[in-house]
1. Cβ-Cβ below 6 Å, separation at least six or inter-chain, first residue in the stretch 181-201 and on the phi < 0 side of the Ramachandran plot, second of a type in the set (Val, Ile, Thr) and away from the ligand (no atom under 13 Å from the Cβ): which pairs?
2. Please indicate, with yes or no, whether at least one residue in the stretch 40-47 is more than 16 Å from the ligand (Cβ to nearest atom), at pLDDT 95 or above, acidic (Asp, Glu) and touching a helix residue (DSSP H, G or I) at 6+ places or on another chain (Cβ under 7 Å).
3. For the stretch 1-39, give me each residue that is aliphatic (A, V, I, L, M), at pLDDT 95 or above and farther than 20 Å from Ala85 by Cα.
4. Give me the residue from the stretch 120-137 that is open to solvent by 30 Å² or more (accessible area, probe 1.4 Å) and not in a strand (DSSP E or B) and, out of that set, nearest to Glu155 (Cα to Cα).
5. Say we look at the stretch 62-80 and pick out the residues that are open to solvent by 40 Å² or more (accessible area, probe 1.4 Å) and touching a residue at least 24 places away in the same chain (Cβ under 8 Å); which of these is nearest to the ligand (Cβ to nearest atom)?
6. Determine if the stretch 149-162 includes at least one residue that is open to solvent by 40 Å² or more (accessible area, probe 1.4 Å), within 15 Å of the ligand (Cβ to nearest atom) and assigned to a helix (DSSP H, G or I).
7. When you go through (1) in a helix (DSSP H, G or I); (2) over 19 Å from the mean Cα position of the chain (by Cα) one by one for Val40, which number turns out not to apply?
8. Only residues that are within 15 Å of the ligand (Cβ to nearest atom) and assigned to a helix (DSSP H, G or I): list them for the stretch 6-37, please.
Amino acid sequence: MTTAVFFDLDLTLLQYTDDFETIFERALPNAPDGAYEQYVEGLLHAFDHLSTTPYRAGFEAVVKEFDVDAEPAELVSRYHEAELAATTVPDATHEAVSRVAAARPTGILTNGALEMQHAKLEAHGLDEIVDAVVVSNDPDVAARKPDPAIFRTAEESLSAANYVYVGDTYDEDIVGARNAGWEAFHVGTDGPEEPPERVASVEEAARKILD
Ligand SMILES: [Mg+2]
């Protein structure tokens, strides 16, 4: 029986060298007080409403509310560049994903914007390793974790008898996967104390999956 494996992207495979407010300030240096909060509100609202251009919505909210001398499109482009530059994939994580992908149908299942998520995958050579990429705010997907619909789309993208998910966010990744009938490994520390599915790392998840 085939088991397909999907990995979450942000904070599971990808780590960040800076926090998101620092990245925001690289796109908009000397941002007015409250601009970051306004941006986050616009961004998250757009993400939740399945916008295909959530970063633009975030920066449009800032430009509308504050006296900022820049076009939203220019801010989005600077932000994309700054966020991309702040991402890393540890070698051990990269190797673990490669090992899994050599043995199982393997994909990425991520909440995010299509262009940004693909840029991150390409920047770290992950797109070449995996067989499928499912991004929530892709109009062809249009569902966000923990909605079971995004897990159904992932199943359609990789045919298998069983599915496993590896993610860092308990409510979105672990609860979402389980509600969709998947097995799950939790590489984060949020959620219940010492749940049995918790693993210390993507490498440990890979070892258990390939056991
Ligand atoms: Mg994550």
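The values are calculated or read from the model by the stated rules, or taken from the named source; none is laboratory data. Note that the structure is predicted; figures quoted are calculated from it, not measured. As a convention, Cβ positions derive from the backbone with ideal geometry for all residues, glycine included, and neighbour counts pool all protein chains shown. The accessibility values were calculated without ligands, DNA or RNA, using every heavy atom of the protein model including side chains. Shrake-Rupley method; radii C 1.70, N 1.55, O 1.52, S 1.80 Å.
1. Glu183/Val164; Phe185/Val199; Val187/Val199
2. Yes, that holds for at least one residue.
3. Ala4, Val5, Ala35
4. Result: Asp131.
5. Filtering first and then ranking leaves Arg78.
6. Within the stretch 149-162, not a single residue is open to solvent by 40 Å² or more (accessible area, probe 1.4 Å), within 15 Å of the ligand (Cβ to nearest atom) and assigned to a helix (DSSP H, G or I).
7. Unmet condition: (2).
8. The one that is within 15 Å of the ligand (Cβ to nearest atom) and assigned to a helix (DSSP H, G or I): Phe20.
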